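The structure appears right after this line, and notes come after that.
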Amino acid sequence: MTTPQELHQQFEACMPLFIALGDPVRLAIIEVLTREAFRQNQEGHIAFESCGMNVNEITCRTSLSRPAISHHLKILKQAGLVDIRQEGTANYYYLTLRRPNQILMELGYRLNEFLY
């Protein structure tokens with residue numbers, strides 16, 4: 001049975017995700033990265049790590065400046081929602097949803113256990 005302390009710890013673990021996902025700009029960046037990953041997957045790329053977009057590409061698909069995009073990508077990276085693949089001098093950002101999804105699912109499981 002989940003204790004109140006364990007539930008509190010799970011909420012704490014989810015807090016960076018809630019903060020990152022609570023901003024419309026960051027959600028727009030995730031959507032852009034999702035569409036690009038889908039497009040690249042359709043073209044035959046195997047892994048998300050081989051996909052990605054650089055800051056310039058993301059900037060072209062949003063209405064924000066490069067510094068603003070970089071700022072938001074940093075927050076998404078800290079939350080574990082994106083990662084970086086370096087190719088030469090360019091950094092390519094791609095989605096890393098497996099771990100954040102596990103964390104959120106664990107919260108849902110513990111909430112369900114606590115309440116029912």
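Couple of notes before you dig in:
- Residue count, segment 55-92 (criterion: of a type outside the set (G, A, S) and under 10 Å from the mean Cα position of the chain (by Cα)): 8
- Of all residues in segment 59-77 being without any contact (Cβ under 8 Å) to a residue 40 or more places away in the chain and of a type in the set (A, V, I, L, M, F, W, C), the one that is surrounded by the fewest Cβ atoms within 10 Å (Cβ to Cβ): C60
- Annotation note: Cβ proximity below 8 Å between a residue of segment 26-40 that is over 12 Å from L76 (Cβ atoms) and a residue that is surrounded by fewer than 18 Cβ atoms within 10 Å (Cβ to Cβ) and of a type in the set (S, T, Y) (sequence gap 6+ or interchain) occurs for Q40/S50.
Quick grid of which residues meet (1) out of contact with any Cys (no Cβ under 8 Å at 6 or more places or on another chain); (2) part of a helix (DSSP H, G or I):
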site	(1), (2)
S70	yes, yes
D83	yes, no
Y92	no, no
R99	yes, yes
Q102	yes, yes
E106	yes, yes
F114	yes, yes
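- Evaluating G80 against the criteria (1) among the small types (G, A, S); (2) touching a residue at least 60 places away in the same chain (Cβ under 8 Å); (3) out of contact with any Pro (no Cβ under 7 Å at 6 or more places or on another chain) leaves one unmet condition, (3).
Bear in mind that the values in this text are calculations on the coordinates, not laboratory data. Being a predicted model, the structure only gives us computed values, none of them experimental. Heads up, the Cβs are rebuilt from the backbone with ideal geometry, glycines too, and the neighbour counts pull from every protein chain shown.
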